[in-house]
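Participant: Here it is, the structure, as structure tokens.
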Amino acid sequence: MSVSLSARNIVKRYGGVIALSDGNLDVHSGEVVALIGANGSGKSTMSKVINGVVVLDGGQLLLDDKPVRFSSPQAARKMGIATVFQELSLVPKMTVADNIWLTREPLKPDGMIDRRVMREKTEALLELFSGTFKADLRPETLVSDLHPDEKQIVEILKAISLNPRILILDEATASLDSRQVERLFELVRRWKAEGKAIVFVSHRMEEIFRIADRYSVLRNGKTVGQGDIKDITEKDLIQLMTEKEKVFQFTKTTIAENATGLEQPVYLEVENLTTEILRGVSLKVKQGELLGIGGLQGQGQRDLLLALFGDIPYQGIVRIRGEVVRFKHPRQAMQKKLALVPGDRAKEGLLYIRSILENFLLPSWQKYGFPLKMKLAKRDALAISERLSLVMAGLMAPVSSLSGGNAQKVVIGKWLLRDPDCYLLDDPTKGVDVHTKAEFYALLTELSQQGKSILFYSSDDDELIGLCDRVIVLHDGKIRAELKGASLTKENLIAASMGVSNGGEA
Amino acid sequence: MKRFSWDEMMNRYPAFFAILLLVVALIINFILQPNMFARDTLNSNMRVFLPMILLAAGQAVVILGGGIDISVGGIVSIVNTILATQVGLNGSPEKMWTYVLVSIGAGILAGAINGFFIAFLRLQPIITTYATSFLYVGFALFILPNPGGGIPAEIANIYRNTTPLGLPLAFYVIAVILLIWMYIRSTRFGNYLYAVGGNAEAAYETAVPVTWVIFTTYVASGFMAALAGVAITMLSGSGNAEIGVPMTLTSITAVVIGGTALSGGVGGVAGPVVGAITLGIIQNIISFSRIDTWWETFVKATIIVVALAAPGIINLLRRKKV
């Protein structure tokens, strides 16, 4: 069983955003290639191109030196390419065995599923991970009863049950514990010896060095380095992932010290915040501070912001200006003058098909009495749209008619009308054009100079370094590092995001 | 360490609630009508329940696949009016059986229309079948504007009085339904049905033919509704275009109390069959207690609301505790 897959000069666009401009990857039988890159570098797009989830816009895929084109994940599967998805593809209310063998159930001559054979085959698969999970993971267990790590194991077994020639592990270790990772690596070595080719996408540097034979580094949608793992050091890899050229000149905001030189008071204090993802986060934000939150996607940044806004339940203590608060509903957070710019503006931030005016005034209608003082409302909305230099056909135009950047301005604008004390921003510049980004940076600087506290999560590391004095890096639901001053460099930020131990000051 | 959970209970024993309710209803009914287990009484009860049993079984398949079929009552009406007008009170048995086949074909066609809109055009099941239900009832009214017509009494009596080995015909039909269901449940299609109802996106990523599975559930429901229509026509012996209309909500109620979640992917067909019998007995109780018939609708509606709300209320209480 010999196989080789090459991706050459892959281009992939999502609308106007270029996710991949020159992606390259070579993988052959009997080797593990690590696909590495920082946030937004295009590594997940790259793995989706290989497994047929997205159709490429340019470039070539060569399977065994023959050009191929996958129109669906099934097409790729037929060619022997299987993927362990990070977002699991399991049916919760079905058993482990049913999930693994779905569409490939062993049948008896009368057309009935041979449950006995299926159970035996499942048991044989589970044997691969035996000892690393609790006894309640059995072929007949419902997937909904499993823990996240066990679900991940089932997902891995589902992929390997296809006996693929090429196996893509997309962040497959993220929810596994160390023993399970250890076992997975033993299996990967065995599969490697059997002649399988393995693509390993991971954000854990230590794992990459343990398991990978070769690496391929993506940066801004381009492959910037490929080679043997043994020829490179951790430091050099991080260097490769780090972009040299800067697009923006950022102006730093330093907390406005008052005339007497006294420090600004602490606005927000969080102690041991715990949610399903967060595992005890403590932090302090001063009045007028722009605190950056970094790390790879899905490390708990969203949970942190949502918990502070009273959107999800949490354990721990939150103090605002020294007073303990426990928001159970976003309304209470709004009354305490907090504002949230959510990560998915189309779904959470805006009423997409309604007018700009309605969206602006949604949190503030009560200010305009009953019946509504429409003239006043329109004047306020117009003022805010001018302040944000919103490009629109008119206040009555639906938000869906706006570009991504302008739509995001509406999300921020609706809070500006309420004049909050604290902004919680969940990756506000995602999918926003360069010009609007620059305007945002100016606005953030202005707000913090006015004494507003801002928690600013961004998946763009340059933004964090350019704008913030202090950046906390989340990893696996914990604060991995707090970077400020001289330690706030891109190398340290990426190192801490990847969980490298010496990244910055802990 | 696992605490009792409503979800898990419903998952393991989908028919638990239905059987509990059935036992309670049976006891009350037995007190009111001590001879209810006598051969004739049992048969006269079961032949009344059978149309709803058939309807609920079809509805269960659709709901398992993540949909809902509001048009089943309309399909029952079409079948009833076709038989009542085309066979007539003096029709021959040959004519009867021919039109039984025709009306079953009509039921399958009606199901296929639903399935086409929902599976292929991806329209919302609840709205689509609500709309087609008017289409189907309207068509039934077109066939038979005023109640009338019918089928020959001797053919109706086959349905009413066939009791092989002294057991009501309905028992044999239930056995056949359950056997067929057990077979389907253990085929690949059965697995697809649960996968599509449980997580259509994951099923699609795993190469399950989601569109065809959904389409098939509506065809199956149309077929079962047609059988229900044949049964109710033989029971009543006459035609009425409105006959199926009140049956839709009852069929959904039967499915829900049968432990088949409206969200899809959980439950089975046995529970809804038990649910249909339970609802029939509740109807008996109401008529024996000599209270106004509007209580029947009230009780049914209460049952469906309670059955729907119970998991939510339990979750709410659980969340309060945390």
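Participant: Where in the range A:196-254 are the strands (runs of 3 or more DSSP E), entirely inside, with at least 3 residues that are within 14 Å of A:Glu31 (Cβ to Cβ), touching a Gly at 6+ places or on another chain (Cβ under 6 Å) and at pLDDT below 80? Walk me through how you get there before you give the answer.
Facilitator: Details: elements: A:197-201, A:214-219, A:222-228.
Qualifying strands (runs of 3 or more DSSP E): none found.
Participant: Can you find a residue in the range A:101-118 that is closer than 24 Å to A:Leu169 by Cα and more than 10 Å from every other protein chain (Cβ to nearest Cβ)? Walk me through how you get there before you give the answer.
Facilitator: Within the range A:101-118, the subset closer than 24 Å to A:Leu169 by Cα is A:101-105.
Add one more test, that the residue is more than 10 Å from every other protein chain (Cβ to nearest Cβ), and what stays is none.
No; the residues of the range A:101-118 include none that is closer than 24 Å to A:Leu169 by Cα and more than 10 Å from every other protein chain (Cβ to nearest Cβ).
Here's the yes/no breakdown for (1) part of a helix (DSSP H, G or I); (2) of a type in the set (Gly, Ala, Ser); (3) within 14 Å of chain A (Cβ to nearest Cβ):
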| site | (1), (2), (3) |
| --- | --- |
| B:Ile180 | yes, no, yes |
| B:Gly197 | yes, yes, yes |
| B:Ala202 | yes, yes, yes |
| B:Trp212 | yes, no, yes |
| B:Ser221 | yes, yes, no |
| B:Thr250 | yes, no, no |
| B:Gly259 | no, yes, yes |
| B:Ser263 | no, yes, yes |
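Participant: Please count how many residues of the range A:86-95 are more than 9 Å from chain B (Cβ to nearest Cβ) and surrounded by 20 or more Cβ atoms within 10 Å (Cβ to Cβ). Even if it seems obvious, please write down each step before you answer.
Facilitator: From the range A:86-95, those more than 9 Å from chain B (Cβ to nearest Cβ) are A:86-87, A:95; that's our starting set.
From what's left, surrounded by 20 or more Cβ atoms within 10 Å (Cβ to Cβ): A:95.
Of the residues in that region, 1 qualify.
Participant: Pull up the range B:182-204, narrow it to residues that are touching a residue at least 40 places away in the same chain (Cβ under 8 Å) and surrounded by fewer than 22 Cβ atoms within 10 Å (Cβ to Cβ), then point me to the one that is farthest from the chain's Cα centre (by Cα).
Facilitator: Kept after step one, since they are touching a residue at least 40 places away in the same chain (Cβ under 8 Å), are these residues of the range B:182-204: B:185, B:193-200.
From what's left, surrounded by fewer than 22 Cβ atoms within 10 Å (Cβ to Cβ): B:185, B:200.
Working: B:Arg185: 18, B:Ala200: 24 Å.
Residue satisfying both the conditions and the ranking: B:Ala200.
Participant: Moving on to the next point. If you go through the range A:96-123 one residue at a time, how many are among the polar types (S, T, N, Q), outside any helix (DSSP H, G or I) and buried (at least 21 other Cβ atoms within 10 Å of the Cβ)? Give the derivation first.
Facilitator: Residues of the range A:96-123 that are among the polar types (S, T, N, Q), as a first pass: A:99, A:103, A:122.
With the extra rule that they be outside any helix (DSSP H, G or I), the set shrinks to A:103.
With the extra rule that they be buried (at least 21 other Cβ atoms within 10 Å of the Cβ), the set shrinks to none.
Total meeting the criteria: 0.
Participant: Residues in the range B:305-322 that are more than 14 Å from every other protein chain (Cβ to nearest Cβ) and at pLDDT 70 or above: how many?
Facilitator: Keep residues of the range B:305-322 that are more than 14 Å from every other protein chain (Cβ to nearest Cβ), which gives B:305-310, B:312-314, B:317.
Retained after the next criterion (residues that are at pLDDT 70 or above): B:305-310, B:312-313, B:317.
Here the count works out to 9.
Participant: Given (1) part of a helix (DSSP H, G or I); (2) closer than 30 Å to B:Arg160 by Cα; (3) more than 14 Å from every other protein chain (Cβ to nearest Cβ), identify the lone condition not met by B:Ile184.
Facilitator: (3)
Participant: Identify all residues within the range A:423-435 that are closer than 23 Å to A:Ala381 by Cβ and either at pLDDT 90 or above or in the same structural domain as A:Trp365 (by TED's automatic domain parsing) (or both); write none if there are none.
Facilitator: Scanning the range A:423-435 gives A:Tyr423, A:Leu424, A:Leu425.
Participant: Take the conditions at positive phi and facing chain B (nearest Cβ under 10 Å) and apply them to A:Thr83. Does it pass?
Facilitator: Numbers: at positive phi: no; facing chain B (nearest Cβ under 10 Å): yes.
Taking the combined requirement at face value, the residue does not satisfy it.
Participant: I'm told B:Ala207 meets every condition in (1) free of Cβ contacts under 8 Å to residues at least 60 places away in the same chain; (2) within 14 Å of chain A (Cβ to nearest Cβ); (3) of a type in the set (Gly, Ala, Ser); (4) in a helix (DSSP H, G or I) except one. Can you identify the failing condition by its number?
Facilitator: All conditions pass for B:Ala207, except number (4).
Participant: Restricting attention to the range A:402-419, does a residue exist that is at positive phi and acidic (Asp, Glu)?
Facilitator: Looking through the range A:402-419, at least one residue is at positive phi and acidic (Asp, Glu).
Participant: Same structure, new question: Tell me which of these A:Ala135 doesn't satisfy, since it passes every other one: (1) modelled with pLDDT under 85; (2) more than 27 Å from A:Ile50 (Cα to Cα); (3) at the interface with another protein chain (Cβ under 10 Å from one of its Cβ atoms).
Facilitator: (3)
Participant: Tell me yes or no: at least one residue of the range A:57-77 is at the interface with chain B (Cβ under 8 Å from one of its Cβ atoms) and touching a helix residue (DSSP H, G or I) at 6+ places or on another chain (Cβ under 7 Å). Working first, answer last.
Facilitator: Within the range A:57-77, the subset at the interface with chain B (Cβ under 8 Å from one of its Cβ atoms) is A:73-74, A:77.
Those left that are additionally touching a helix residue (DSSP H, G or I) at 6+ places or on another chain (Cβ under 7 Å): A:73.
Yes, because at least one residue in the range A:57-77 is at the interface with chain B (Cβ under 8 Å from one of its Cβ atoms) and touching a helix residue (DSSP H, G or I) at 6+ places or on another chain (Cβ under 7 Å).
Participant: Also, I was wondering about something else. Looking at this structure, is A:Ser144 in contact (Cβ under 8 Å) with a residue 24 or more places away in the chain, within 16 Å of A:Glu207 (Cα to Cα) and touching a Pro at 6+ places or on another chain (Cβ under 6 Å)? Steps first, answer last, please.
Facilitator: Details: in contact (Cβ under 8 Å) with a residue 24 or more places away in the chain: yes; within 16 Å of A:Glu207 (Cα to Cα): no; touching a Pro at 6+ places or on another chain (Cβ under 6 Å): yes.
No: the conditions fail for A:Ser144.
Participant: Here's a follow-up. Any residue at all in the range B:12-28 that's over 30 Å from B:Asn240 (Cα atoms), among the charged types (D, E, K, R) and at pLDDT below 85?
Facilitator: Yes.
Participant: Sticking with this structure for a sec: For the list (1) assigned to a helix (DSSP H, G or I); (2) out of contact with any Leu (no Cβ under 9 Å at 6 or more places or on another chain), I need the number of the one condition that A:Lys328 fails.
Facilitator: Answer for A:Lys328: the failing condition is (1).
Participant: Is there a residue being within 26 Å of A:Ser458 (Cα to Cα) and either without any contact (Cβ under 8 Å) to a residue 40 or more places away in the chain or not basic (Lys, Arg) (or both) anywhere in the range A:369-385? Let's see the steps before the verdict.
Facilitator: Filtering the range A:369-385 down to residues within 26 Å of A:Ser458 (Cα to Cα) leaves A:384-385.
Next cut, either without any contact (Cβ under 8 Å) to a residue 40 or more places away in the chain or not basic (Lys, Arg) (or both) only: A:384-385.
Within the range A:369-385, one or more residues are within 26 Å of A:Ser458 (Cα to Cα) and either without any contact (Cβ under 8 Å) to a residue 40 or more places away in the chain or not basic (Lys, Arg) (or both).
The values are calculated or read from the model by the stated rules, or taken from the named source; none is laboratory data. This structure is a prediction, so every number in the text was calculated from the model and none was measured. In this analysis, Cβ positions are derived from the backbone assuming ideal geometry, glycine residues included, and neighbour counts consider all displayed protein chains.
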